[in-house]
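Since the structure comes first, as structure tokens, the remarks are kept for the end.
The values are calculated or read from the model by the stated rules, or taken from the named source; none is laboratory data. Worth saying up front: this structure is predicted, and the values here are computed from it rather than measured. Neighbour counts run over all protein chains shown; Cβ positions are idealised from the backbone, glycine included.
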Amino acid sequence: MDGTGAGKRTVDALMSQTAALGVWGCGHIGASAMYHFSRQGVRCVGYDIAASRVQEIREGRFLTTDIVPTGHVREENPNVTATTNWRDMVTNQVVVHLVAVPTERGAEPSSAALEDVIPLICEVIRQSDTVGIVPAVIIESTIQPTWIDTVVLPKLLASGVHPGVAVLVGAAPRRDWFSGSEHNLENLPRIVGGSSDEATDLMVALYSLVCREIVPARDAYHAAFTKVIENLIRFQGLALGNTLSLAFPQYDMTHVLSLASTKWNIPLYHPSMGIGGHCIPLAPRYALAEGGLDNPYLGTVRDAVQLNDGYFSHLYAVRLRELLKDCRSIVILGLAYTADAKMHKLSPALDALDCLRDTPRLRLHDPYYSADDIEDICGVATLEFPRDLSDCDGIILVTPHTAYRQAGVESIVRPGTVIVDNFGAWRDRTFAPSVRYHEVGRRYLEDARDAIRYPETSSSAS
């Protein structure tokens, strides 16, 4: 930590609460940042255009799922407030502005929200009395590194807020996950990089309040690109696993990949119904935009993106259509793209819905979404889990939520039902002999569970 410069002055002001930390965008990234900094005594002010999200923050609901014990408190937090009026940032003496706005639209990167919010931050900086402290703007959202030059810096200069003089600029992309205690903001090494040494020093001092290990990057560009590349590497591995399961149907590829992962330098990849989420499937698109869509060295990335677009439809055509052809009442279990969270960005469940629309009775259930949510997002009805499984002759288990993994479904699933299990959550269940169980990536549809005779390392959702 910088003991004499901008970092110490800023942190001292935050810890004494004579100044505040402002968060622009109160989604999962922004809300969890406020939660962790507020626990250290930092006064935090969040801005979001969604009144419902602001109200949740005011009530102490920092994340959209109750399953995360470190991200949800039922009582109000005196160190946190939120507003839909960006001018409230002025009266709160914000000296550090964390930008956590969405940087994608659908499946494509988009700098639109960033372009909208930077001028507002500039106006707050111009109107605020920061008591001799140079304010900082830190991008926590995933961005293309060139957006620093094409969006952030030009917007600052156009507003008369000169980088390095009137404001310090940096990037500190989030790489933590929101459920569980192992891969959280506190435990994972935090990459930070500024547009100057002074900016980097400030970021090291600031994030040391909540992160155990800080790793300074060469500059803001390299810090921002690290998030893109590490997710791209993950995406390529997952996409390869899915490709292999289609390319070699004569093999139980889930078993092969599990065996391969016993080598010290090979991760465990489980074939799936598709790669969903905010980060991993978008990373190759950021990389392609940064490197140029016609970059000859990114051909494998382009191919992987093309494969993953609507991947469930490929899987359905090659492996699942014959299995599900006689099913008249199908339920998709899980709208979220990952377990125990209310997040459905690019979820394979959405692609599954499109593929199965002609099913006479098609329903969807997710414990984190209400019936109204499901109707609004998916246009189908829900059911009561697990009771109504007895009314289904087809079950597509997309998301291994705890509620699904712990439920005693064996006595409810009726004989003759077809089960397609994305990640093997019900692999060890003993169903009626006529139940047709298939785990994605397995070789045999009828007796997939018998193909593996020894316990495997449990796999996690992509």
Open item on the list: For the stretch 406-435, which positions are farther than 22 Å from residue 326 by Cβ and of a type outside the set (D, E, K, R)?
Closed with: 406, 407, 408, 411, 423, 424, 425, 430
TODO: State whether the residues of the stretch 102-113 include one that is touching a residue at least 12 places away in the same chain (Cβ under 8 Å), within 30 Å of residue 280 (Cα to Cα) and in a helix (DSSP H, G or I).
DONE: yes
- [ ] Pairs only if they're at least six apart or on different chains, beta carbon under 6 angstrom, first in the stretch 132-150 and closer than 12 Å to residue 171 by Cβ, second outside any helix (DSSP H, G or I) and basic (Lys, Arg); list them, first residue then second.
- [x] 140/174
TODO: Assess whether residue 320 counts as being buried (at least 18 other Cβ atoms within 10 Å of the Cβ), touching a residue at least 40 places away in the same chain (Cβ under 8 Å), aliphatic (A, V, I, L, M) and not in a loop (DSSP other than H, G, I, E, B).
DONE: yes
Open item on the list: Could you check the stretch 118-170 and list, in sequence order, the residues that are at pLDDT 95 or above, of a type outside the set (Val, Ile, Thr), assigned to a strand (DSSP E or B) and out of contact with any Asp or Glu (no Cβ under 8 Å at 6 or more places or on another chain)?
Closed with: 136, 170
Open item on the list: Cβ-Cβ distance below 7 Å, separation of 6 or more or different chains: which pairs start in the stretch 274-291 with a residue that is in the same structural domain as residue 109 (by TED's automatic domain parsing) and end on one that is part of a loop (DSSP other than H, G, I, E, B) and at pLDDT 95 or above?
Closed with: none
- [ ] Considering each of 297, 269 in turn, give the residue that is at pLDDT below 95 and of a type in the set (Phe, Trp, Tyr).
- [x] 269
- [ ] Can you give me the number of residues within the stretch 326-352 that are touching a Leu at 6+ places or on another chain (Cβ under 7 Å) and assigned to a helix (DSSP H, G or I)?
- [x] 1
- [ ] Could you grab me the full set of residues in the stretch 7-28 that are closer than 24 Å to residue 196 by Cβ and either under 15 Å from the mean Cα position of the chain (by Cα) or in a loop (DSSP other than H, G, I, E, B) (or both)?
- [x] 19
Open item on the list: So, in the stretch 249-298, how many residues would count as being more than 21 Å from residue 341 (Cα to Cα) and part of a helix (DSSP H, G or I)?
Closed with: 19
